[in-house]
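Below you'll find the structure, written out as structure tokens, and then a few comments.
The values are calculated or read from the model by the stated rules, or taken from the named source; none is laboratory data. What you see is a predicted model; the values in this text were computed from it and never measured. Positions of Cβ are generated from backbone atoms using ideal geometry, with glycine treated the same way; all protein chains shown enter the neighbour counts.
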Amino acid sequence: MAATKEQVLAALATVKSPVGEGLVDARVLSDIVVSDGKVFFSITVNAADVKAWEPVRDAAEAAVRAVAGVKSALVALTAERAAGSGAARAPQPAPAATAKPAARQHPPHQHAHPADKVHPGIPGVDAIIAVASGKGGVGKSTTAVNIALGLRDLGLKVGMLDADIYGPSLPKLLAIKEKPQTIGGNRLKPIERYGLTVMSIGFLIDEETPMIWRGPMVMSAITQMLREVEWGKLDIMVVDMPPGTGDAQLTMAQQVPLKGAVIVSTPQDLALIDARRGVAMFKRVNVPVLGVVENMSYFLCPSCNTRSDIFGHGGAHKEADRLGVAFLGEVPLHMTIREKSDAGLPVVATEPDGPHAKIYRDIAARVLEQIKGGPSSGRVAPKIVIEA
Ligand SMILES: Nc1ncnc2c1ncn2[C@@H]1O[C@H](COP(=O)(O)OP(=O)(O)OP(=O)(O)O)[C@@H](O)[C@H]1O
Ligand SMILES: [Mg+2]
């Protein structure tokens, strides 16, 4: 029988805080997500007390795992800091349920610093880029996966982080069903697929379950996937961002030490307005915009190969010029891309000699040029060296 939230809470009541208080009474727990035997929640404490709380987190995880029907437990220890100053924030006084989303507690204008100035990078990872869009459903995840594979084909060791914790798509797009193994008790080993090193919250929590996250949980889940995963040595990590430019999105852009962002848009006016917002958002937090990709740019008839510009193709190129950012390329709306993508067989990996793979590889090469700060002559990129 599946475990209930009440059973989890009862187990947590037996775990003591560093000052001997029961965990439930200590008012540090977030909402507890219990889904199909998988449990996820966070413990939010004062940054100064983190060390003392680490054994409590371990004890909480162990207590939850011991509950009948629990298959896995992921407990994040969150310490809130005022970004930029490094000063510890006061612990959350309110019960978790009434706490405001993290982004509201950190208005963007208070700390518009480059993300990597505020947060240290991940050891072994040379560069992190985000693939983002202002609007949902424009093909961000599909583009992110194929760009990552394109970068792999350029000779780089590439990782992918699925930061879309509301609707993780990497398990599906890369046909990953296995669960990550733990190393040394509390670190996770990412999954390897098509030569990419991959982590997604979807590996831990059923992707069909609608996710209801509070702001601090979003942050702790992302932070945990960045810092408590054995990424190993990566030349570049490609982050598939959730859609939108909301507060949570903005906070995430600030939390992840980003070298730059690739904005994906479709050519329609409405999507372009959202793309403009996306560009503005990254600029506001001093994350360089590496450029814009126009996805579903034109329709390529699968039977006759005739091209039709059904959405008024070219809008994203014009918009990129207008915004003073690079145009990285256009990807056609094509059945093969959709079918392959949705079947977990991304075109760059499974049809490397096809026309679509070439388009994505060219985009990947342009992304790399942008990261390195200008056009490069050759197709095969050397190891990227990026100044801090
Ligand atoms: N160039 C393309 N041609 C055909 N279908 C595409 C193309 N790009 C993406 N799709 C399809 O469009 C759908 C949405 O794509 P995807 O999940 O990548 O978008 P997204 O922007 O990441 O969405 P969300 O905002 O929900 O995260 C998927 O079914 C995908 O296969
Ligand atoms: Mg997506």
* Structure fact -> If we ask which residues in the stretch 340-368 are assigned to a helix (DSSP H, G or I), of a type in the set (Asp, Glu) and at pLDDT 95 or above, their number turns out to be 1
* How many residues does the stretch 325-359 hold that are more than 16 Å from ligand 2 (Cβ to nearest atom) and of a type in the set (Ser, Thr, Tyr)? -> 2
* Within the set of pairs 6 or more residues apart or between chains, which connect a residue that is closer than 22 Å to ILE122 by Cα inside the stretch 133-162 to a residue that is among the acidic types (Asp, Glu) and more than 13 Å from ligand 2 (Cβ to nearest atom) with Cβ atoms less than 8 Å apart? -> LEU151/ASP235; LEU156/ASP235; LYS157/ASP235; VAL158/ASP235
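For (1) of a type outside the set (Lys, Arg); (2) modelled with pLDDT of 85 or more; (3) in a strand (DSSP E or B), each residue gets a yes or a no:
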{"residue": "LYS283", "(1), (2), (3)": "no, no, no"}
{"residue": "ASN286", "(1), (2), (3)": "yes, no, no"}
{"residue": "GLY291", "(1), (2), (3)": "yes, yes, yes"}
{"residue": "ASN295", "(1), (2), (3)": "yes, yes, yes"}
{"residue": "PRO302", "(1), (2), (3)": "yes, no, no"}
{"residue": "HIS313", "(1), (2), (3)": "yes, no, no"}
{"residue": "ASP321", "(1), (2), (3)": "yes, yes, no"}
{"residue": "LEU328", "(1), (2), (3)": "yes, yes, yes"}
* To do: Kindly indicate the residue of the stretch 291-308 that is in contact (Cβ under 8 Å) with a residue 12 or more places away in the chain and farther than 26 Å from ILE128 by Cα and also surrounded by the most Cβ atoms within 10 Å (Cβ to Cβ) among those meeting that condition.
  => SER297
* Asked: Among the candidates THR4, THR14, which residue alone is exposed (fewer than 15 other Cβ atoms within 10 Å of the Cβ) and within 21 Å of LEU204 (Cα to Cα)?
  -> THR4
* Structure fact -> Selection from the stretch 157-196 of residues within 27 Å of GLY278 (Cα to Cα) and away from ligand 2 (no atom under 13 Å from the Cβ) yields VAL158, GLY159, LEU196
* To do: Select from the stretch 272-289 the residues that are in contact with a Leu (Cβ under 7 Å, 6 or more places away or on another chain) and of a type outside the set (D, E, K, R) and write down the one among them that is nearest to ARG322 (Cα to Cα).
  => VAL279
* Would you point out which residue out of PRO267, PRO346, PRO332, PRO288 is within 21 Å of ASP240 (Cα to Cα), away from ligand 1 (no atom under 15 Å from the Cβ) and buried (at least 17 other Cβ atoms within 10 Å of the Cβ)? => PRO288
* **Residues being within 12 Å of ligand 2 (Cβ to nearest atom) and among the aliphatic types (A, V, I, L, M) - total across the stretch 131-156** => 5
